[in-house]
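Structure record follows, encoded as structure tokens.
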Amino acid sequence: MTRLIPLREMILAGAILGLLLVIASRFSGFVAPGNLVNVFNDTAPLIILALGQMVVILTRCIDLSVAANLALTGMVCAMINVALPELPISVILVIAALLGALMGAINGLLVWKLAIPPIVVTLGTMTIFRGVIFLISNGKWVNSHEMSASFTGFPRAEILGLPVLSWTAVLAVLTFALMMARTPFGRSIFAVGGNPHAAVYTGINVGKTQCLAFVLSGALAGLTGYLWVARYAVAYVDIAGGFELEVVAACVIGGISIAGGVGSVAGAVLGALFLGVVKNALPVVNISPFWQLAISGSAILIAVAFNARAGRTKGRIILKSADTSS
Amino acid sequence: MTDAPAPSRHIPDRLNSRLARLLRSWEVLLLAVAVAIFVVNCFASPYFLNAWNLSDATFNFTEKAMIAFAMALLIIAGEIDLSVASIIALASTAMGLAVQYGAGTAELVGISLAVGLMCGAFNAVFVTVLGLPSIVVTIGTMSLFRGISYIILGDDAFRGYPASFAWFGQGYIVWVITVEMLFFVVFAVIYGVVLHRTNFGRAVYAIGNNPTSALFSGIRVQRVKFILFLLTGVMSGFAALCLTSRLGSTRPSIASGMELEVVTMVVLGGVNILGGSGSIPGVVIAAFVMGLVTFGLGLLNVPGIVMSVFIGLLLIGVIALPRLWAMLAKGSAI
Amino acid sequence: MTDAVTSAQTPVVSMDAITKTFPGVKALDQVRLDLYPGQVTALVGENGAGKSTTVKVLTGIYQPDGGTIRIDGDPVRFAGPKDASAAGITAIHQETVLFDELCVAENIFLGHAPRSRLGLIDTAEMHRRAAALLAEIGAPFDTYTMLRDLGIANKHLVAIARALSVDARVVIMDEPTAALSHKEIEELYALVETLKSQGKAILFISHKFDEIFRIADRYTVFRDGSFVGEGKIAEIDENALVKLMVGRAVDQIFPERTVAPGEDVLQVVGYSHPTEFADIGFTLRRGEILGFYGLVGAGRSEFMQTLFGITRPSKGVCKINGAIRVIRSPAAAVGNGIVYVPEDRGKQGAVIGLPIFQNITLPSLGRTSRAGFIRLAEEFALARQYAERLDLRAAALDQDVGNLSGGNQQKVVIAKWLATQPQVIILDEPTKGIDIGSKAAVHDFMAELAAQGLSVIMVSSEIPEVIGMSDRVIVMRDGRIAAELSGDELTPETLVRHAAGITAAPRLQEA
């Protein structure tokens, strides 16, 4: 029984295609390649963060601090750019990833070393990170005219018709697909979430794996922080406010079980794409963007009810074995 | 077997006296923190020790605390409701809508509580009937409920609440005692008694410690959880009443982020986020601690967002420090 | 490989004076254990003798507080499971330590998968090697199967393949036959012979004596965390081994019972469940002890949990004192005087985290409260009454149940039910995992309850207990009643025959 793409991912992919077809039947412009590239580029940050969140949720944790991490890193990058406009983008990228990873490590260490429930830890760090943005910026905005052209230009630069922001998402997806399928760390993430007790017997350090998942999630949030601030050419305290819930929603819609151990890279990406398509389609089909929140909420509920139904474990089925043996 | 020792005829009821237990409790530690903050505030600002200022300060926590009482029971039972702030938004929007059609204060109260009850029932069906994890369900309904408010209101706001409606959020009982303060005390007593002195409360603890064992002990686990979600919904509806009355207007972004403050208050109050333990007195003290911190920093002209840093540090700190101590103590013993 | 006879002189692994202490418990006290190549060593002892701790020390999950482990005579220290694995020690654990969401090959190679030059997992090579291992042990599924799609027996084969995948020199099998059928057990024996012939040292942990005498070459006996003896299986008999295990001769004495059962209390007619059992019917009388015997997985516990209202029957009627009662929840069962002491004490027994008195009064709160408000003094009085009746050993009634021993936790559960003044008490494997002295106390107590007019249903897999305690016995097989036995029909042979479905020959197959 070789399954390249499991059933639930197929269904979700089908749902997205169906959605696109319905929109295309009335607004063919929406599915024009150029617009689809825009939709993908717009969804890229969500895809990147969903990948990090997926790893965290797979290990039975949750990271509510990703949006605050993104905003804080974005602000730091913007302020560095204002202070040192000549600093090359490559250095900025490294700083963003490292700073994000550092914040992820704070979460991870609190979960690993002090065994504080992840939801409490990240609820706390989420408010702390936001507050720190205010402290370092004094509540002021960093606007586009203060940023250097290379700083804001990087995520928008096009390679083969696709902006760098999109390429970053593609690269992240490929890296994660490879990591989850083909590295010992990737497999141990499934083991830790699926059966932490058994993982210990296999020689896997559960807490350390969870901590690394947070570091990974943080690094991606940090990297996205720079890309976000540069793309929109503005940094302030409240950017990406509430985005953490959209990220969790993408994972849940993508079939990643909040109980850990179940989920896939394809699921996370499709979950993010679903939300991205809905968000971009609303203005096109003349529905007020105010519908978006309710739609994503309903999508979460439908997805989680659907996944739970599909994944319900069966009993021992004693009678059936009796029928076959007699 | 005859070599068994004689049966112990008198197992004492209690291992330690109630006083000894009380002195080592989380609630006492928290109370000490509250007193310390109070004293610091007295020295930090000359405006602190003023009855009217202090009365104003209670608005910082009364509405959140009302929800926190119900949330405490829910979290002790091993579930959580992250949609409470969105229920406020929806209930407030429903009230605003009703005002457009000429509803009076009595109708508004009914509408607010009914919306809260319905939202709670909606969550409860997903969690108890369909058996889904409450954290995911309520992250979903958190978007859904507030989303409906956005659909109805968009960028607009509802105003024009009747004058008598202001009583809930702006009224005073006597002198500096606000109406909200009165409700806070009443609910604290009710929830305290329910949790600590009734069969229902005992069932809540049993479920939180081990839902399977509780079921095997003849407790109607799903029914208790259903009721807890209803309670959290109704309390959110009531908080919507107070908050809308106090603000005098409804926007879809009303009370946004409040769910996290409520959860923080509950956890700060010593309720185990994984369920099974916690107390209402703890939540009451936590409400005061958070109110005092916010008020004190406000007097010192510290902006709200920086206060939230303190709240976040407090949340992690109060849980981390005892564990850190325990770890260091163990480390030095070996 | 060197010649099997000469290498048998020196052990591959030798544990010497190993001590392991946990807070309040000395789990292992100066124990020794030698494992020889090409030989099966049975580690024998009662529950709590330290067998599981020994396995965990040998596999690097626990680090011993004292003593030395030697491999080929050289002292080693295992900092974690990886070190033990690298030293060639592998274990098939009692609990399934596998991962439902990974495929068979990944389960086999998790932690030591073959790598490509880039350091990535070489999936093709992993599946090729896994397929070879599965072929070797005759597993009937492919390496891409997700583990969750396999049954218990096949999961067990995966665990064995995993153990073999590390090219181990020492294989530990912790109660490997507990969840297996007769046929699967035979296949396992064949596998053990294969491993022996490859010169691997095998540590075999089992409670089943027929098994030990059939496949073990040597034995080592622990009692209460201490070493008490070792030798060749050929030089000892069953009685002598039991004597070593328990430290005294055991001829289990069951309480004498004289009370004649009274009127019908519980009548079950045609109880069925869509997948677990069908057409269960019986009558239970006042003061009677009705035994339920069967192999593990015969559907006994599943039926009892339906009778107790945890799951719902698809068909069937339950009458109490002649009146039909619909029981769709445990609360309804308790209300109708039926209570259930579960087998899985960890998950379904006492509510750990609540104090003793709250556990005892949990289902009886209606009696110690007015209008839903608890009266603490009455609650303590009720709890004390039943705690003392059960001879509970505790420091105080407000102590957390979690601090009690397993036996005392079980007493709390029974006290909790007696406080509801039930008519029928269902005891699911009441003496599983408790020592012989406590067993006798449980048996005496059961007889006392029956004498006081309580009707007892006892689910048990221990033949002496079933025969010694029951007035009548119902044997279940594959979810159905296979026989109802009483009086002279009640012999070990008939029980085993009906439970295993051997209808033709009354003689037991020689083990």
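For first residues located in region A:279-293 and in contact (Cβ under 8 Å) with a residue 24 or more places away in the chain, partners that are polar (S, T, N, Q) and lie 6+ apart or on another chain with Cβ distances below 6 Å form the pairs A:LYS279/A:GLN292. Whether any residue in region C:218-241 is surrounded by fewer than 14 Cβ atoms within 10 Å (Cβ to Cβ) and in a loop (DSSP other than H, G, I, E, B) is what I want to check. Among the residues of region C:218-241, at least one is surrounded by fewer than 14 Cβ atoms within 10 Å (Cβ to Cβ) and in a loop (DSSP other than H, G, I, E, B), which makes the answer yes. Is region C:245-265 home to any residue that is more than 22 Å from the chain's Cα centre (by Cα), within 14 Å of chain A (Cβ to nearest Cβ), buried (at least 16 other Cβ atoms within 10 Å of the Cβ) and on the phi < 0 side of the Ramachandran plot? No, region C:245-265 contains no residue that is more than 22 Å from the chain's Cα centre (by Cα), within 14 Å of chain A (Cβ to nearest Cβ), buried (at least 16 other Cβ atoms within 10 Å of the Cβ) and on the phi < 0 side of the Ramachandran plot. Whether any residue in region C:364-375 is among the hydroxyl-bearing types (Ser, Thr, Tyr), closer than 30 Å to C:PHE254 by Cα and either within 11 Å of chain B (Cβ to nearest Cβ) or not in a helix (DSSP H, G or I) (or both) is what I want to check. No, region C:364-375 has no match at all.
Look through C:SER314, C:SER272, C:SER329, C:SER301 and report the one residue that is of a type in the set (Gly, Ala, Ser) and free of Cβ contacts under 8 Å to residues at least 24 places away in the same chain.
C:SER329
In region B:177-184, the count of residues that are within 14 Å of chain A (Cβ to nearest Cβ), farther than 30 Å from C:ALA419 by Cα and among the aliphatic types (A, V, I, L, M) is zero. Screening B:THR264, B:THR244 for residues that are free of Cβ contacts under 8 Å to residues at least 60 places away in the same chain, of a type in the set (S, T, N, Q) and either part of a helix (DSSP H, G or I) or over 28 Å from B:ASP56 (Cβ atoms) (or both) leaves exactly one candidate, B:THR264.
Selection within region B:206-229: residues that are surrounded by 24 or more Cβ atoms within 10 Å (Cβ to Cβ) and within 18 Å of the chain's Cα centre (by Cα). The member of this set that is nearest to the other protein chains (Cβ to nearest Cβ) is B:GLY208. Remark: B:LEU130 matches the filter, which requires a residue to be more than 22 Å from the chain's Cα centre (by Cα), surrounded by fewer than 15 Cβ atoms within 10 Å (Cβ to Cβ) and within 13 Å of chain A (Cβ to nearest Cβ). Count, please, the residues in region A:256-313 that happen to be more than 10 Å from chain B (Cβ to nearest Cβ) and of a type in the set (Gly, Ala, Ser). Residues meeting the conditions: 13.
Residues that are under 21 Å from B:VAL204 (Cβ atoms), of a type in the set (Phe, Trp, Tyr) and in contact with a Leu (Cβ under 7 Å, 6 or more places away or on another chain) within region C:366-395 comprise just one, C:PHE380. The sole residue among C:ASN107, C:ASN154 that is buried (at least 19 other Cβ atoms within 10 Å of the Cβ) and over 20 Å from C:LYS20 (Cβ atoms) is C:ASN107.
Quick one: which residue in C:GLU211, C:GLU256, C:GLU263 is farther than 30 Å from C:ALA451 by Cβ and of a type outside the set (Val, Ile, Thr)?
Selected residue: C:GLU211, the only one of C:GLU211, C:GLU256, C:GLU263 that is farther than 30 Å from C:ALA451 by Cβ and of a type outside the set (Val, Ile, Thr).
Look at (1) more than 27 Å from the chain's Cα centre (by Cα); (2) not assigned by TED's automatic domain parsing to the domain that holds C:GLY453 and you find that C:ILE324 fails only one, number (2).
Residue-wise test of (1) on the phi > 0 side of the Ramachandran plot; (2) more than 11 Å from every other protein chain (Cβ to nearest Cβ); (3) without any contact (Cβ under 8 Å) to a residue 60 or more places away in the chain.
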| position | (1), (2), (3) |
| --- | --- |
| B:GLU79 | no, yes, no |
| B:LEU82 | no, no, no |
| B:LEU108 | no, yes, no |
| B:GLY116 | no, yes, no |
| B:ILE135 | no, no, yes |
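What is the one condition in (1) touching a helix residue (DSSP H, G or I) at 6+ places or on another chain (Cβ under 6 Å); (2) under 27 Å from A:LYS140 (Cα atoms) that A:VAL56 does not satisfy? For A:VAL56, the exception is condition (2). Taken over region C:378-421, the criterion of being small (Gly, Ala, Ser), in a helix (DSSP H, G or I), buried (at least 22 other Cβ atoms within 10 Å of the Cβ) and within 11 Å of another protein chain (Cβ to nearest Cβ) is satisfied by C:ALA383, C:ALA387.
When each of C:ARG300, C:ARG328 is tested for being crowded, with 19+ Cβ neighbours inside 10 Å, out of contact with any helix residue (DSSP H, G or I) (no Cβ under 6 Å at 6 or more places or on another chain) and either more than 17 Å from B:LEU215 (Cβ to Cβ) or more than 7 Å from chain B (Cβ to nearest Cβ) (or both), the lone residue that passes is C:ARG300.
The values are calculated or read from the model by the stated rules, or taken from the named source; none is laboratory data. These figures come from a predicted structure and were not determined experimentally. Note: ideal-geometry Cβ built from the backbone for every residue, glycine included; neighbour counts use all protein chains shown.
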